[in-house]
Amino acid sequence: MSPSPWRRLGLVAAVLGLLVPTSVPASASASAPAGPAPRVVGPLPGTVPGDRLADRIEDTYPFFSTPDDLAAAGYVEQEFHVSGAADGWAGNGTKVATGVPYATRVVVRRPAHARDFNGTALVEWQNVTAGYDLDALWNAESVVRAGYAWVGVSAQRVGVDQLRAWSPARYGGLDVTGGGRFTADELSYDVFTQAGRAVESGAVTGGLRPRTVLAIGASQSAARMTVLYDRVLPQQQPVFDGYGFVVGTAPTRAGAEPVFQVQSETDVRSATRPADTDRFRRWEVAGAAHSGYEGQAYRVPISERDLGGAPQYDCDRPPFSRVPMHHVTAAAYDHLRRWVERGTPPPTARPLEFEPDGVTKKRDALGLALGGIRLSQVTAPRALNTGDNTGETFCRLFGTHVPFDAATLARLYPHRGDYLHQVVTADVANVHAGYLLPADARQNLADALAVGGRR
């Protein structure tokens with residue numbers, strides 16, 4: 001009988017010297033946190049291009065491997081398998097199992113050299129709403145520019161099951177259900193936490209030991225992290241230093257670790273929202289969508305490569321807001337890092353405005369939402385960008401993007417240079433307020449020069 005894919009992987013790793021010790025080096029062991037440390041295998045062989053259905057793992061490649069030119073930026077992408085024994089938790093925080101064997105994967109994109117590492121790891125709970133792992137918060141430009149290590153964790157059954165079918169040789173031995181006993185993601189919270197320990201120890205980051213480990217998650221993943229923070233974390237040894245919840249729910253418990261929530265216009269559905277505190281901050285971004293243009297454009301070629309085609313949508317209005325939500329999340333990560341390391345709280349931000357009914361957003365004469373963080377794409381608009389849409393499947397998450405006609409642009413910017421002046425004014429204000437990083441303001445100016453310098 002031929003060996004299982006997991007056993008084959010172990011043999012390959014042993015031969016190639018790819019087994020990473022799970023113990024922390026002696027020089028750092030005194031500072032190691034309590035809690036279970038997973039077994040780590042990797043980095044796994046195989047890169048794009050490859051054959052996902054090949055019998056040898058060396059001939060396969062990581063699912064949704066990034067097409068970004070990381071090497072040119074001094075970064076590497078590596079994949080690992082992590083395994084161990086996880087506790088199971090119900091959504092109400094009740095422990096339902098102890099020491100259940102699991103095996104999953106993590107994808108790491110990090111600086112190739114320690115000198116380029118800023119000391120902070122962003123550990124993302126991979127989103128599985130589409131039926132497969134999605135690195136929803138990966139943005140190469142901001143991650144590489146800052147020197148972060150980014151780590152994507154496959155914590156949920158849906159994503160792991162898809163991986164197993166997608167490449168049996170590479171992923172066939174993975175399981176986060178305890179052999180089918182826990183199919184409601186009861187193990188996911190501990191799996192994610194243990195992956196965080198592998199990051200903390202440097203076992204999956206080429207020996208880079210982060211100073212700060214931030215947990216981040218978008219949409220459904222933010223909801224899972226909310227359960228982790230509110231109900232499971234009080235019963236565990238902490239791993240993550242801070243938490244970023246993007247376009248999704250956020251905790252209600254006041255914990256020791258700071259919490260940053262960033263919401264698109266799509267996600268703000270009523271005038272009732274939590275108040276900022278010394279451990280919680282919430283930002284709302286006018287005109288931005290739950291899933292906007294930037295992420296969709298990035299994933300189209302990857303979907304064609306790994307899934308045989310990119311999804312097509314028939315929405316009632318032109319989809320995909322082009323307000324760059326990722327600019328605001330990049331600023332939020334920077335604030336969260338400093339909040340953890342220095343105790344410096346992020347700035348507060350004006351919320352989106354609502355009509356007296358508390359559920360209808362206030363809009364200006366152009367249809368743009370009022371209030372919230374207002375990037376230059378909203379304060380100096382060349383199109384109607386909103387967080388709203390309707391239609392099939394995911395259309396309600398995409399927002400809208402409707403370019404203005406020539407007459408509207410002439411009315412908004414009657415004199416040469418008006419548009420550029422308004423872009424620069426808005427971006428300078430946002431940089432000063434802390435909602436936008438200077439590098440992204442420079443990119444906005446470059447984009448504005450390219451499309452609107454003539455007026």
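Restricting to segment 380-411, give me the number of residues that are under 27 Å from the mean Cα position of the chain (by Cα) and assigned to a helix (DSSP H, G or I).
The total comes to 5.
Run down G42, G74, G35, G46 and say which single residue is surrounded by fewer than 16 Cβ atoms within 10 Å (Cβ to Cβ), on the phi > 0 side of the Ramachandran plot and at pLDDT 70 or above.
When all the criteria are applied, what remains is G74.
What is the residue count in segment 237-256 for residues that are over 18 Å from W283 (Cβ atoms) and surrounded by fewer than 24 Cβ atoms within 10 Å (Cβ to Cβ)?
8
So, in segment 273-303, of the ones that are in a loop (DSSP other than H, G, I, E, B) and of a type in the set (A, V, I, L, M, F, W, C), which residue ends up most open to solvent (accessible area, probe 1.4 Å)?
Checked segment 273-303; the qualifying residue most open to solvent (accessible area, probe 1.4 Å) is A275.
Does segment 308-322 include one or more residues that are closer than 30 Å to H432 by Cβ, at pLDDT 95 or above, open to solvent by less than 20 Å² (accessible area, probe 1.4 Å) and not in a helix (DSSP H, G or I)?
Yes.
Across segment 95-112, what is the total count of residues that are buried (at least 24 other Cβ atoms within 10 Å of the Cβ) and over 30 Å from R145 (Cα atoms)?
Of the residues in segment 95-112, 1 are buried (at least 24 other Cβ atoms within 10 Å of the Cβ) and over 30 Å from R145 (Cα atoms).
Counting only residues that are crowded, with 21+ Cβ neighbours inside 10 Å and hydroxyl-bearing (S, T, Y), how many does segment 262-272 have?
2
When you look at A136, is it assigned to a loop (DSSP other than H, G, I, E, B), more than 25 Å from A85 (Cβ to Cβ) and within 13 Å of the chain's Cα centre (by Cα), yes or no?
So A136 fits the description; yes.
Give me the pairs: first residue in segment 402-430 and basic (K, R), second residue open to solvent by less than 70 Å² (accessible area, probe 1.4 Å) and at pLDDT below 95, beta-carbon distance under 9 Å, and six or more apart or on different chains, which are they?
R416/G453
List pairs: first in segment 53-73 and more than 27 Å from G295 (Cα to Cα), second surrounded by 14 or more Cβ atoms within 10 Å (Cβ to Cβ) and of a type in the set (D, E, K, R), Cβ under 6 Å, 6+ apart or cross-chain?
Once the first residue is more than 27 Å from G295 (Cα to Cα) and sits in segment 53-73, its partners that are surrounded by 14 or more Cβ atoms within 10 Å (Cβ to Cβ) and of a type in the set (D, E, K, R) give I57/R170.
Considering only strands (runs of 3 or more DSSP E) fully contained in segment 187-272, which possess at least 3 residues that are in contact (Cβ under 8 Å) with a residue 40 or more places away in the chain and not aromatic (F, W, Y)?
Qualifying strands (runs of 3 or more DSSP E): 212-218, 242-246.
Just give me the residues in segment 177-199 being out of contact with any Phe, Trp or Tyr (no Cβ under 8 Å at 6 or more places or on another chain), among the charged types (D, E, K, R) and open to solvent by less than 40 Å² (accessible area, probe 1.4 Å), in sequence order.
D185, R197 - these are the residues of segment 177-199 that are out of contact with any Phe, Trp or Tyr (no Cβ under 8 Å at 6 or more places or on another chain), among the charged types (D, E, K, R) and open to solvent by less than 40 Å² (accessible area, probe 1.4 Å).
Quick check, is R157 under 28 Å from R52 (Cβ atoms), surrounded by fewer than 22 Cβ atoms within 10 Å (Cβ to Cβ) and without any contact (Cβ under 8 Å) to a residue 60 or more places away in the chain?
For R157, the condition - under 28 Å from R52 (Cβ atoms), surrounded by fewer than 22 Cβ atoms within 10 Å (Cβ to Cβ) and without any contact (Cβ under 8 Å) to a residue 60 or more places away in the chain - is met.
Restricting to segment 37-94, count the residues that are under 18 Å from D133 (Cβ atoms), in a loop (DSSP other than H, G, I, E, B) and of a type in the set (G, A, S).
4
Could you list, in sequence order, the residues of segment 415-432 that are small (G, A, S), under 29 Å from the mean Cα position of the chain (by Cα) and surrounded by fewer than 18 Cβ atoms within 10 Å (Cβ to Cβ)?
Passing the criteria: only A429.
The values are calculated or read from the model by the stated rules, or taken from the named source; none is laboratory data. Keep in mind the model is a prediction, meaning the values are calculated, not measured. All Cβ positions, glycine included, derive from the backbone under ideal geometry; neighbour counts span all protein chains shown. Side chains included, ligands, DNA and RNA excluded: accessible areas come from the protein's heavy atoms. Shrake-Rupley method; radii C 1.70, N 1.55, O 1.52, S 1.80 Å.
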